[in-house]
Amino acid sequence: MSRFLLGIDAGSTMTKAAVFDRSGREIASSGHRVVIQRPQPGWCEVDPFAAWEAAMAAIRGALDRAGLTGDDIAAVGLSAAMVGIWLVDAEGNALRPGVNWEDSRTQAMLDEKLAADPAFYSAIFQSDGCVMQQGCTLPLFAWLRDHEPDIVERAAHVFSYKDFLRMKLTGRAGADRTEAAVAPGDA
């Protein structure tokens, strides 16, 4: 029976992996830097290939430092920077750079919605308990729909960073309730 657990955390600028024993004691860890791209003012994107490579490097580093292989791992836990948007086609290929939570390209659109309806943010919060911000998934989806419709048309999946990595690790598309719950609004 495999005795170890692997934790992976893909943050905004660093992806980390750590191996733990079943009592929760850290055995080894490793991190790999992720470069944030800012192609325009207010934009914050991550190259999907680089994100995947960073995750693999962190995992390999943690396993190597622990003297283990993947066969020694009983379970994997995965977390990452929340919200943002990662569009993926039916074959699992990213269609464009992933957009990070701190991206502000949707602010003008949100300002227009607030000007048209001063209760805009309150209504969202009252409907689902989530706070809308410029880097949330649905405002970003609406922005991409308006500015990159050809990319949105080809998308089979709308992911967060974590769920992009989850799909790369498992080959399965999906999201957990905690991530889905922070996607307020209606694109």
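General remarks:
- Residue in segment 47-55 that is assigned to a helix (DSSP H, G or I) and without any contact (Cβ under 8 Å) to a residue 24 or more places away in the chain present: yes
- When 6, 95, 68 are checked against the criterion of being touching a Lys or Arg at 6+ places or on another chain (Cβ under 7 Å), open to solvent by less than 50 Å² (accessible area, probe 1.4 Å) and touching a residue at least 60 places away in the same chain (Cβ under 8 Å), a single residue qualifies: 95.
Yes/no matrix, rows are residues, columns are (1) crowded, with 22+ Cβ neighbours inside 10 Å; (2) over 29 Å from residue 7 (Cβ atoms):
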residue: 75; (1), (2): no, no
residue: 79; (1), (2): no, no
residue: 123; (1), (2): no, yes
residue: 127; (1), (2): no, yes
residue: 140; (1), (2): yes, no
residue: 147; (1), (2): no, yes
residue: 150; (1), (2): no, yes
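- Among the conditions (1) in a strand (DSSP E or B); (2) open to solvent by 30 Å² or more (accessible area, probe 1.4 Å); (3) under 30 Å from residue 107 (Cβ atoms); (4) of a type outside the set (Lys, Arg), the only one that residue 41 does not satisfy is (1).
Each row is one residue, and each column tells you yes or no for (1) closer than 18 Å to residue 46 by Cβ; (2) in contact with a Phe, Trp or Tyr (Cβ under 6 Å, 6 or more places away or on another chain); (3) not in a loop (DSSP other than H, G, I, E, B).
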position	(1), (2), (3)
101	yes, no, no
105	yes, yes, no
118	no, no, no
122	no, no, yes
152	no, no, yes
167	yes, no, yes
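- Test for residue 83: is it modelled with pLDDT of 95 or more, under 10 Å from the mean Cα position of the chain (by Cα), surrounded by 19 or more Cβ atoms within 10 Å (Cβ to Cβ) and within 12 Å of residue 134 (Cβ to Cβ): no
- Scanning segment 8-38 for residues that are over 30 Å from residue 139 (Cα atoms) and either part of a strand (DSSP E or B) or among the hydroxyl-bearing types (Ser, Thr, Tyr) (or both) gives 17, 18, 19, 20, 21, 23, 26, 27, 28, 29, 30, 31.
The values are calculated or read from the model by the stated rules, or taken from the named source; none is laboratory data. No experiment lies behind these values; they were computed from the predicted model shown. So basically every Cβ, Gly included, is an ideal-geometry build from the backbone, and we count neighbours across all protein chains shown. We work out accessible area using only protein heavy atoms, side chains counted, and drop any ligands, DNA or RNA first. Shrake-Rupley method; radii C 1.70, N 1.55, O 1.52, S 1.80 Å.
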